[in-house]
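Each remark here refers to the structure printed beneath this line.
The values are calculated or read from the model by the stated rules, or taken from the named source; none is laboratory data. On a predicted model such as this, the values are computed, not experimentally measured, just so you know. Reconstructed Cβ throughout: ideal geometry from the backbone, glycine too, with neighbour counts over all protein chains shown.
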Amino acid sequence: MAARIEHLVTSGSFDLDGGSWQVDNNVWIVGDDTEAVVIDAAHDADAIAAAVGPRRLRAIICTHAHNDHVDAAPALSAATGAPVLLHRDDLPLWKQTHPDRQPDAELTQGQTIAVAGLELTVLHTPGHSPGAVCLYAPELGTLFSGDTLFHGGPGATGRSYSHFPTIIDSIRERLLTLPAETVVRTGHGDPTTIGAEAPDLPTWISRGH
């Protein structure tokens, strides 16, 4: 069976800079009937493992290391044997949540991750956090954007380790160059497309979103 995208929503808290907020996170599973990868193991390792089922979990890919995107990653790794992958620039954030457990391998710009007969290409898109990445799956016409790009604009840049001009550069140079019909599957909320978001770039810049 051809590769497909599965979607799970988990709920928990986002904690940073002394604040805590209740959030719903999108967990994405890409695979077929025999193998899969998980993008952002958020909040509930048991629910994610149940969604993966008996398939071989090849990797747990972290789009960035805010706690709400990685809090279930070590437990899911322990349950499945899958390695946790993270860009090295987000290690300071990772250590806030998991000080005694390192990621298993690094994500790098241009790296490809193979699963179910297709490849996910890693795009380093700093700004929301220094090591934020997106994953582009051209065969599926999809970008998994983490918290870099949402329906209506870029991810938040008002907290530690974030930088608004940097996220704008990342979106302009590495995301808006993708085909307009590319579906953007986000870390929270509803999907969008590259074509729907591209015209609003000048507005984002002018308002310092």
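Looking only at the range 114-142, filter to residues that are under 10 Å from the mean Cα position of the chain (by Cα) and closer than 15 Å to His188 by Cβ; which one of those is surrounded by the fewest Cβ atoms within 10 Å (Cβ to Cβ)? Looking at residues that are under 10 Å from the mean Cα position of the chain (by Cα) and closer than 15 Å to His188 by Cβ, I get Cys134. Checking each residue in the range 182-197 for being hydrophobic (A, V, I, L, M, F, W, C) and either under 16 Å from Asn25 (Cα atoms) or at pLDDT below 95 (or both) picks out only Val184.
Remark: pairs (first residue in the range 63-78, without any contact (Cβ under 8 Å) to a residue 40 or more places away in the chain and under 22 Å from His124 (Cβ atoms); second residue assigned to a loop (DSSP other than H, G, I, E, B) and not aliphatic (A, V, I, L, M); Cβ separation under 6 Å; 6+ apart in sequence or on different chains) = Val70/Cys62. Here Arg159 meets each of (1) assigned to a loop (DSSP other than H, G, I, E, B); (2) surrounded by fewer than 18 Cβ atoms within 10 Å (Cβ to Cβ); (3) modelled with pLDDT of 95 or more with one exception, condition (3). The C-beta contact set for the range 3-22 (first residue closer than 15 Å to Val70 by Cα, second residue assigned to a loop (DSSP other than H, G, I, E, B) and of a type in the set (A, V, I, L, M, F, W, C), distance under 7 angstrom, 6+ apart or interchain) comprises Thr10/Ala42; Gly12/Ala42.
Of all residues in the range 1-52 being charged (D, E, K, R) and over 18 Å from the mean Cα position of the chain (by Cα), which is surrounded by the most Cβ atoms within 10 Å (Cβ to Cβ)? First the steps, then the outcome.
The initial filter retains those residues of the range 1-52 that are charged (D, E, K, R), namely 4, 6, 15, 17, 24, 32-33, 35, 40, 44, 46.
After this cut, where a residue has to be over 18 Å from the mean Cα position of the chain (by Cα) as well, the list is 17, 32-33, 35, 46.
Numbers: Asp17: 9, Asp32: 15, Asp33: 13, Glu35: 18, Asp46: 11.
By that ranking, first place goes to Glu35.
Among all residues of the range 164-184, there is none that is outside any helix (DSSP H, G or I), within 15 Å of His69 (Cβ to Cβ) and not charged (D, E, K, R).
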